[in-house]
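So the structure is just underneath, and the comments pick up after that.
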Amino acid sequence: MLIPVEQFQALLLASTRPNFEEDKSLAAQIAKSGAFPFQGVVNLFFIRDVLNKIQTEVYRRK
């Protein structure tokens, strides 16, 4: 069963609990600016998380 996008977005934010006040990353700055729609901001945080995991795995394998 698929859930509606709005419920997924709320669930994602509740589970990740991004702290925009302390986060100084570019993705957080974009989120705080309000220049992009919510879906774009979620994608930025997701991509950043995936890239961090890949980078960690690369360093671990060296």
Among 48-54, 37-43, the order from most to least packed when residues are scored by Cβ within 10 Å on average: 37-43, 48-54
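Quick one: length gained pulling Asn52 to Ser33 fully straight, 0.36 nm per residue minus the C-alpha distance? If you can, show how the numbers build up before the last one.
Details: separation 19, 0.36 × 19 = 6.84 nm, distance 2.32 nm.
Value of the extension gain: 4.5 nm.
Rule-based calculations on the coordinates, nothing more; no lab input. If you're wondering where the values come from, they're calculated on a predicted model, not measured in any experiment. So basically every Cβ, Gly included, is an ideal-geometry build from the backbone, and we count neighbours across all protein chains shown.
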